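Notes to accompany the following structure.
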């Protein structure tokens, strides 16, 4: 019996060392050396203080900031509760939430008269989406400009400067990272107190 057990223990020990220590150590070391920022969560800092990650949305509600997509993750952008709502298009809870979000958007953005971009009314699959469409950012320009006392045309150009195109020219859609846009907004047009 020990003739079969000893080689089995050795194999388990070898596989544990290789797959549990060596491989993760090599991958972690390479990630830290080659992609240090991304390996550490793509954290964004302001005056040396971490304000968030460019990969996870935040719940901006003040009128002087651009707002992101609705979040179905916990109380909003909670990484521990990442998920979509899984409501179907005929679910009354989804219909009521979208109607309430539409009414809130119209109330907060009275100068915007066009159709509301869909991503301002629908939650992402993860509930943590950090980005909105350029149309969604432009739909909020008048509100943010008024709250900050800035010309709307100047603010529209700031939004245009933060539009990221499709990845590799083909994947996804054009998008604006809300946290990065709001950070640039604070740097260029601080809120007057």
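Each reported figure results from applying straightforward, stated rules to the coordinates on display, with no laboratory input. Remember, predicted model here, so these are calculated numbers, not experimental data. Virtual Cβ from ideal backbone geometry, glycine too; neighbours counted across all protein chains shown.
Calculate how steeply helix 178-188 sits against the longest principal axis of the alpha-carbon atoms of the chain, using the helix alpha-carbon long axis, and give the answer as 0 to 90 degrees to the nearest 10.
Result, in degrees: 60.
Can you give me the distance in nm between label points at residue 156 and residue 188, each placed 7 Å from the Cα along the Cα-to-Cβ direction?
1.4 nm
What is the spin-label model distance, in nm, from residue 30 to residue 107 if the labels are put 7 Å beyond Cα along the C-beta direction?
5.3 nm
Taking the chain as a Gaussian network, Cα atoms linked when under 10 Å apart, which of 68, 125, 29 shows the biggest mean-square fluctuation?
Between 68, 125, 29, it is 29 that shows the largest mean-square fluctuation.
Between 72, 123, 33, which gets the highest mean-square fluctuation from a Gaussian network model of the chain, Cα cutoff 10 Å?
Per the Cα network of the chain with a 10 Å cutoff, 33 tops the list.
If I model a spin label at residue 100 and residue 1 as a point 7 Å from the Cα along the Cα→Cβ vector, what separation in nanometres do I get?
About 6.4 nm, to one decimal.
Relative contact order, percent, of the stretch 58-115 when contacts are C-alpha pairs under 8 Å separated by at least 6 residues? Each step should come with its number before you reach the end.
Values: 34 pairs, mean separation 10.5, N = 58.
The normalised contact order for the stretch 58-115 reaches 18 percent.
Based on the Cβ-Cβ distance from residue 17 to residue 171, what FRET efficiency comes out when R0 is 41 Å, to the nearest 0.05? Present the calculation step by step, with values, prior to reporting the outcome.
Values: r = 38 Å, r/R0 = 0.93.
The computed FRET efficiency comes out at 0.60.
When only C-alpha pairs under 8 Å and at least 6 residues apart count, what is the relative contact order of the chain, in percent?
Values: 237 pairs, mean separation 39.4, N = 193.
Contact order relative to length: 20 percent.
Okay, helix-only estimate at 222 nm for the chain: each DSSP H run of n ≥ 4 adds -39500 (n - 2.57), divide by all residues, round to 500 deg cm²/dmol; what do you get? Intermediate results must be reported in sequence, preceding the final value.
Details: 8 runs with 84 residues, N = 193.
Calculated mean residue ellipticity at 222 nm is -13000 deg cm²/dmol.
Could you let me know the centre-to-centre spacing of the stretch 15-54 and the stretch 57-128, using Cα atoms, in angstrom?
Each part reduced to its Cα centre gives a spacing of 31 Å.
How many times 2.2 N^0.38 Å is the alpha carbon radius of gyration of the stretch 1-40? Don't skip to the answer; put the middle values down first.
Details: Rg = 15.9 Å, N = 40, 2.2 N^0.38 = 8.9 Å.
Its radius of gyration relative to the 2.2 N^0.38 Å reference: 1.78.
What residue among 87, 23, 65 has the largest mean-square fluctuation in a Gaussian network model of the chain, using Cα springs under 10 Å?
23
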